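Asker: Would you mind keeping the following structure in view while I ask a few things?
Bear in mind these aren't lab numbers, they're just calculated from the coordinates by the rules spelled out. The shown structure was predicted, so the numbers you read here are calculated from the model rather than taken from an experiment. Because the Cβ atoms are built from the backbone with ideal geometry, glycine has one as well, and the counts that use them run over all protein chains shown.
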Amino acid sequence: MNQKNLLTRAGYDQLTQQLKDLKDKQEHLITQIEEVAQPDESGEDGLASQLKEELEVTNNQIEQIEETLENSEIISDKASFDSIQVGCKVKIKVAAATKEFFIVNQLESDPTVNKISDQSPLGKALIGKKVNEEIEVEAPVGKIVYKIVSIK
């Protein structure tokens, strides 16, 4: 049995928009292929081949997103959480610094904006933990100890 993809509302909306954009691209590529195809030619020109390859990639992306959306569940925006799970913001202290992360599904992760995947080493270590608990995460520089300050 497949595991549900837990997505935030924003992540679900983003995938839905991406799917719409890919379907628009798919239609455009099909139109272009029809325009450059020459029914009386026995050989295919390079442009038609290139367009068909691009269409195949686009079709695969559409299929992946449709499968993801079919097998997804939108997580609720709770005001507070008892323990860390997908969809919550967690504030952690490491050494003297405090950092805040948003725990999301790997499809939504973006470390540049502090959205970390529940499947990343830090995300896996945080899932299920509570405020004031400490966790150790193995990093290239060695073990790092984090203390959970708050969960929202």
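Asker: Provide, in order from the shortest bin, the percent of all Cα-Cα pairs of the chain in each 10 Å bin, continuing until the bin that contains the maximum pair distance.
Answerer: Final binned percentages: 10, 30, 22, 17, 12, 7, 3, 0.
Asker: Something else: Using Cα pairs under 8 angstrom and six or more residues apart, how large is the relative contact order of region 89-151, in percent?
Answerer: Relative CO of region 89-151 lands at 34 percent.
Asker: For the chain, what is the relative contact order in percent, using Cα pairs closer than 8 Å and at least 6 residues apart in sequence?
Answerer: In percent, rounded to a whole number, it is 23.
Asker: A further question on this structure: Fewest Cβ neighbours within 10 Å first, please rank 52, 143, 4 accordingly.
Answerer: Sorted ascending by nearby Cβ count, the order is 143, 4, 52.
Asker: Under the rule of at least 5 residues apart or a separate chain, name every residue whose amide H is placed under 5 Å from the amide H of residue 115.
Answerer: 102, 110
Asker: Please state the charge dipole magnitude for the chain, taken about the Cα centre, from unit charges on C-beta atoms (+1 on K and R, -1 on D and E), reported in debye and rounded to the nearest 20.
Answerer: 1880 debye
Asker: Something else now. Among 12, 98, 84, which residue has its Cα furthest toward the positive end of the charge dipole of the chain, with +1 on Lys/Arg Cβ and -1 on Asp/Glu Cβ?
Answerer: 98
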